[in-house]
Amino acid sequence: MSIVLRGGRIIDADGERTLDVEIGDDGRIAAVGTGLSGDLDLDASSCVVSPGFVDLHAHLREPGQEEAETIETGARGGSLGGYTALVAMPNTDPTTDCVAVVEQVRALGRRSTCEIVPSAAMTVDRAGTDMAPMGELVDTGVGIFTDDGTGLQDPRLMRRVMEYSTGLTRRLGRPVVLAQHCEVSALSVGGYMHEGEWSSRLGIPGQPAEAEELMVMRDIALVRLTGAHMHFQHLSTASSVAMVRGAKAAGLPVTAEATTHHFTLTDAACASYDPVFKVHPPLRTDVDLAAVRAGLADGTIDAVATDHAPHAPHTKERTFDEAPPGMLGLETAFSLTLGESGLDLPEVLAVLSWRPAAIAGIADRHGASVVPGAPANLCVVDPDETWAVSGATMASRSSNTPYEGRTLRGRVRHTICAGEPVVIDGEARR
Amino acid sequence: MTRPDLEEILELTDTFAEIGRRPIPKVPALRGRTVATVFFENSTRTRMSFDTAARRLSADTLAFAAGGSSLSKGESLRDTVEVVASYGADALVIRHPMAGTAHRVAGWTEASVVNAGDGCHEHPTQALLDCYTLREQRGAIDGMRIAIVGDIRHSRVARSDVLAFTALGAEVILVAPATLLPPALDGWPVTVAHELDPLLGDLDAVYLLRMQRERITEGLIPSIREYATDFGLTADRVARLPADALVLHPGPTNPGVEISAAAAADTRSVILDQVVHGVSVRMAVLFLLLGSGRNLNRGDTGGGD
C-alpha cells in the first residue's frame, strides 16, 4: 500500500519546503514532489512533516514490570507522540545485561509500532561491581550501555568500562556510547526531592544538586583520560549544564540530553506531596530550569529525551518516600518542547529527531532527511492544535503524567513507522 | 494558619481546659461520632492525648497502628485509609514517618483529617499546645524571645512552632549545630545561632528538642557527649536564664542529653503543663472539626463540617 502525505511543510536537517511525500510499499520514501498520489491519502495541510522522533531514554518495563507498561503499549504511546524509535532502558527484570534479554526485547519490539533499540547495562545486573559482556552485546548491535536508574558509583570500574568500550569501536562500526545517570548515591541516599528551599519547608528529605554534579565532573575527567564517548542523561542542574558546555568546548566526545520535565516543572510542584512529581533526578529550581533551556538553545544539550517511566497507579498512592520515581513522557514531549523549551520549530524537531538519532547510532533510518529512498520513518505534526492531557486516555498502561488536565499546544497527527501508518488523525491504528 | 485561626482555637481551648478540671471531665459534645487514630509510627503520648480528648467529648474511638511501612503487606496507603474510613470514622488522626501524608490522605476521604505529625514536616497540635502553654504562663506571646534548640532539621515540632510562635508575635531563634538545621531557611521568619550560651540571659523561653542517637551514625554530630556539652540545658544554664523564663520540651526527654534532670525539674519548666494542655487543645480541634460549634455542654451533635 502506498501512502501520500499531502500538502505538508517538510522540515528536516536539510531545511524546509512544502511538498507531498509518497511512501512506497517497500517502506521507503518513493517520491517527494507535487501532485503525488497513493492508495492512502493523508492530509498534512497546515501541518509539518518531520523525520520521526527518537527517544534516547524510555522505560518500557518489559520484561518484568508488565503491570506498568509493555513494549507494545509503550511503543503505541511513542507512536502517538510522533516517535518512530525508542531506546529501551535496561532496568528490566531480568536486567537487560546479556544477549538473551536483548534479543527478547528486540523480538517484542519487532511486533510493536516503533523501532525498539535496546540499550544494555554497563555492569552485570546494574549492580556496579562487574562489567557486563559488552563485546558480546556489541556483536549483536547494541551501541548504548547504561546502568540508568543509578549511576556507576565506583570510579575505578567506570574508568575500566570506558577504556574497554573504546576497544569495541571497530566491532560496532562506530564508537560505543556510555550513557550515565549521574548521581553519587552517598550524597543522594535518603533524599526524595531536590534539596533546597522547598524540601526544607515541606519536610521532605532532599538530595543536593551536587549529587549529580560530582558525577558529571568525574565522568568528564574520565572521558579526558580514556577518550570514551559519554552521553549524559537527563541533565538537571545549572552546574551540570555548565560543565558539559565546558567539556564540549574542550573537544571531548560528550553528548547530553534533557527531559521535558526538567525544563517545564520545578521542585515547587512537590508542595502537593503528590509522588507524580517524584522523579530522579528530581525537579530542580527556576535557575536550573532556565539553565537547561539555555543548554538546549546553545547546543550544549543535544537532545530532548522523555525518561518515560510508567508506574502502576497503586504505586503512586503511597507516601512520597515509598512511591517509585518517574513520570510518563512519550505523549507529551513534542507539545512541551514546542511550547516551553524556548526553541523554534526546526530546532524542536532537531532535538527530538535527528540529533538523538545520531547519538543512538540509527541515523541511517531515523531522523534522516525526507528524500526518495530514505526509510519512511516520519511524523506529521500540527503545531497549532491544542489538546487536554489525560493520563487515563493515554496508551500507556500507567497514567502518571504530571501534566494531567493541562491544555498543550501542538499535536501529532500522523506517524509512519517503516512505511506503516501507525497513527492516523491522532488515533493509533493498532 | 493565621493569627485569628490560632486565637480562635486557643480561646476555645480555655473552655475545654475548664472541663478537664471538673470532677467528671466529660461532655457529650461528640456523642455518636467516631474518631480513629491511624498511627504508622510508634507514639504513646500523642495517641493517648488524642484518645483522651476524644473520650472526654464522648466520641467513640478506633485505633489503627502499623509499625512503619504498610508496604510490607503490599497495601498502598490509600487502601489502608479507605479500610479505616469504612469503619465509620468521622475523623482520622494521622501520624506517619513521611512528610505530607495527612495532606494526601485528606484528598482520599470524606472524613476530617487531623495531622498528628508527618515526618519532618509538621505537628500542628503540638504547636497549638505549646502556644497555649506560653499564653497561659505569660498572658500573650507577642514580643517573646524564644529559642528552639536542637535537631531542627528533622523536627516537625520546630517547623510548626516557628509558624505558630511567629504568627502570634514572638521572635524565634533557631539554635543548632549547622548540620542539624534545614538545608535552606529562605523565607523562614527566624534568626539562627550555633551557640546557646550567649543567648541565655535574654530569652523568654527555651524550647528543647529531642536528640536522637541516629544522628551520630548519620554523621551529623560527633557524639551525644559533645552535643550535650554545647547545647544541653544543664542546671548551670538554667540558672543563667531570666527568673521568669520558661523551659519547654515536647517529650519524651532524654535526661542528660538535651536537658538535665535538674533542669527539667526546675520551677521554670512547664513540660508537664504542656502534656495537660495537649488534651484540651486536641479537644478543641476535634470539636471544631466534628461538633456543631454550639451548645457545648448540651451534647449537640448535629452539623459539623
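Rule-based calculations on the coordinates, nothing more; no lab input. Bear in mind the structure is a predicted one, so any value in this text is a computation, not a measurement. Backbone-built Cβ (ideal geometry, glycine too); neighbour counts: all protein chains shown.
When DSSP beta bridges are restricted to pairs lying wholly in the protein assembly as shown, around 30% turn out antiparallel. With a Förster radius of 45 Å applied to the C-beta separation of A:R111 and B:A65, the computed FRET efficiency comes to 0.35.
Show that you can apply the helix-only estimate: for chain B, add -39,500 (n - 2.57) for every DSSP H stretch of four or more residues, divide by all residues, and state [θ] at 222 nm to the nearest 500. Don't skip to the end; give the middle numbers.
Details: 11 runs with 115 residues, N = 305.
After summing the helix terms and dividing by residue count, I get -11000 deg cm²/dmol.
Each residue of region A:18-29 was assigned a 3J(HN,Hα) from its phi angle through the Karplus expression (A = 6.51, B = -1.76, C = 1.60, θ = phi - 60°), giving 9, 8, 6, 10, 9, 10, x, 7, 8, x, 10, 6 Hz with x at Gly and Pro. Going 7 Å from the Cα of A:V287 along its beta-carbon direction, which residues of region B:167-192 have the amide nitrogen within less than 16 Å of the resulting point? Flagged as within label range: B:183-187. Between amide H atoms placed 1.01 Å from N, distances below 5 Å from B:H123 occur with B:S160, all of them 5 or more places distant or on a separate chain.
Estimated from the Cβ-Cβ distance and a Förster radius of 30 angstrom, the FRET efficiency linking A:E210 and A:A268 is about 0.90. One chain, two ends: B:R31 and B:M1. Fully extended at 0.36 nm per residue, the span grows by 8.0 nm beyond their Cα-Cα distance.
Karplus-based coupling profile of region A:369-375, in residue order and whole Hz: 5, 7, 9, x, x, 6, x, with θ = phi - 60° in 6.51 cos²θ - 1.76 cosθ + 1.60 and x standing for Gly or Pro.
Report the rotationally averaged projected area of region B:124-269 based on its alpha-carbon convex hull, in square nanometres.
Values: hull surface 31.4 nm².
About 7.8 nm², averaged over all directions.
Quick one: in the protein assembly as shown, what % of C-alpha pairs are over 52 Å apart? When all Cα pairs of the protein assembly as shown are counted, 25 percent exceed 52 Å. Among B:D130, B:D230, B:D204, the largest mean-square fluctuation in a Gaussian network model of chain B, built with springs joining Cα atoms closer than 10 Å, belongs to B:D230. Here the relative contact order of chain A, from alpha carbon pairs under 8 Å that lie six or more residues apart, stands at 20 percent.
Please state the charge dipole magnitude for region A:52-360, taken about the Cα centre, from unit charges on C-beta atoms (+1 on K and R, -1 on D and E), reported in debye and rounded to the nearest 20. Write down the numbers at each step before the final one.
Values: 23 positive and 40 negative charges, 174 e Å.
Here region A:52-360 has a charge dipole of around 840 debye.
In region A:130-179, a dipole from Cβ-located charges (positive for Lys and Arg, negative for Asp and Glu) runs towards its positive end, and of A:P133, A:M162, A:G151 it is A:M162 whose Cα lies farthest in that direction.
The simple spin-label model puts a point 7 Å past each Cα toward its Cβ; for B:E8 and B:A184 those points are separated by 3.3 nm. Listed by chain and number, the aspartates and glutamates whose C-alpha is less than 15 Å from the C-alpha of A:K316, apart from same-chain residues fewer than 8 away, are A:E67, A:E69, A:D274, A:E404, B:E75, B:D79. Counting Lys and Arg as +1 and Asp and Glu as -1 over every other residue whose Cβ lies under 11 Å from the Cβ of A:R409, the net charge comes to -2.
For chain B, averaging the sequence separation of C-alpha pairs within contact (under 8 Å, six or more residues apart) and dividing by the residue count gives a relative contact order of 20 percent. Between the helical axis of B:45-56 and the longest alpha-carbon principal axis of chain B there is an angle of about 40 degrees.
Magnitude of the charge dipole for region A:1-69, about its Cα centre and with charges confined to Cβ atoms of Lys, Arg (+1) and Asp, Glu (-1), is about 340 debye. For chain B, find the longest principal axis of its Cα atoms and tell me its angle to the long axis of helix B:3-20, 0 to 90°, nearest 10. Rounded to the nearest ten degrees, it is 70. For region B:1-85, the set of trypsin sites (Lys or Arg not before Pro) satisfying both a DSSP loop assignment and a count of at most 14 other C-beta atoms within 10 Å is given as B:R21, B:K26, B:R31.
Using helices alone, what [θ] at 222 nm do you get for chain A, with -39,500 (n - 2.57) per DSSP H run of 4 or more residues, divided over all residues and rounded to the nearest 500? Show your work: numbers first, answer last.
On the way: 13 runs with 115 residues, N = 430.
One gets -7500 deg cm²/dmol as the mean residue ellipticity at 222 nm.
Between the listed residues B:P183, B:H194, B:P252, the Cα displaced farthest toward the positive end of the dipole of region B:124-269, a dipole computed from Cβ unit charges relative to the Cα centre, is found at B:P252. Hey, what angle do you get for helix A:238-249 against the long axis of chain A, alpha-carbon based, 0 to 90 degrees rounded to 10? Around 70 degrees separate the two axes.
Could you tally the net charge around A:D39, taking each other residue with its Cβ under 11 Å from the Cβ of A:D39, Lys/Arg +1 and Asp/Glu -1? Walk me through the numbers before you get to the answer.
On the way: positive: none; negative: A:E22, A:D25, A:D41.
Every neighbour counted, the sum reads -3.
Approximating the spin labels as points 7 Å out from Cα along Cα→Cβ, the A:E136-to-B:A262 distance works out to 7.2 nm.
Here the Karplus relation 6.51 cos²θ - 1.76 cosθ + 1.60, evaluated at θ = phi - 60°, turns the backbone of region B:209-220 into coupling constants of 9, 5, 9, 10, 5, 4, 5, 6, 5, 7, x, 8 Hz, with x for every Gly and Pro. Comparing B:D90, B:D51, B:D266 in a Gaussian network model of chain B where C-alpha atoms under 10 Å apart are linked, the largest mean-square fluctuation is found at B:D266. Over chain A, the alpha carbon radius of gyration divided by the compact-protein estimate 2.2 N^0.38 Å works out to 0.92.
Quick one: putting +1 on the C-beta of Lys and Arg, -1 on the C-beta of Asp and Glu, what dipole do you get for the protein assembly as shown around its Cα centre, in Debye to the nearest 20?
Working: 65 positive and 96 negative charges, 261 e Å.
So the magnitude is around 1260 debye.
For B:V192, put the label point 7 Å out on the Cα→Cβ axis and report which residues of region B:210-231 keep their amide N under 17 Å from it. The answer is B:220-221, whose backbone nitrogens lie closer than 17 Å to the label point. Between the amide H of B:G256 and those of B:A261, distances stay under 5 Å, these residues lying 5 or more places away or on another chain, with hydrogens modeled in the peptide plane.
Ordering A:H314, A:A88, A:I220 by the projection of their Cα atoms onto the charge dipole of region A:52-360, which places +1 on the Cβ of Lys and Arg and -1 on the Cβ of Asp and Glu, puts A:I220 at the extreme positive end.
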